[in-house]
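To keep things clear, I will list the structure first and then write my remarks on it.
Coordinate-derived values only; no laboratory data. Fair warning: this is a prediction, and the values are worked out from it, not measured in the lab. Quick reminder, even Gly has a Cβ in these numbers, built from the backbone with ideal geometry, and neighbours come from all protein chains shown.
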Amino acid sequence: MTERSKSRRLYSLSEKIAVVRETLKPGVTSAYVARRHGIHLNLIYYWRRIYRDVADADFESEAAATQDEVHLVDLRLQVRNLQRLLGQRTLEVELLRKQLEGRKR
């Protein structure tokens, strides 16, 4: 692992959703939420885009969503996040295998 990846903060899905929902409240700016949580503004915009993509794909309006629907959106976000993480780990494993093969020669 590099120095950068060691210092990178990992956020749980519930933390990401809480931050996104905080930015969606009336009168609250994304910049304020970013400063408050110590998160780069672009990361919050990325999380918001994913949240909206998942929500827009399945629901016509946020106001009509029930608790079960909100939970479903949260689960879909978690699946998407885990798929991305799995892809990263698979790539890391492949790179480590190549390094080990190079040392054996």
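Net length available on complete extension from R52 to A18 is 10.9 nm, with 0.36 nm assigned per residue and the Cα-Cα distance removed. Based on C-alpha pairs under 8 angstrom that are at least 6 apart in sequence, region 11-104 has a relative contact order of 25 percent. Relative to the Cα centre, the charge distribution of region 11-104, modelled as +1 at Lys and Arg Cβ and -1 at Asp and Glu Cβ, gives a dipole magnitude of about 700 debye.
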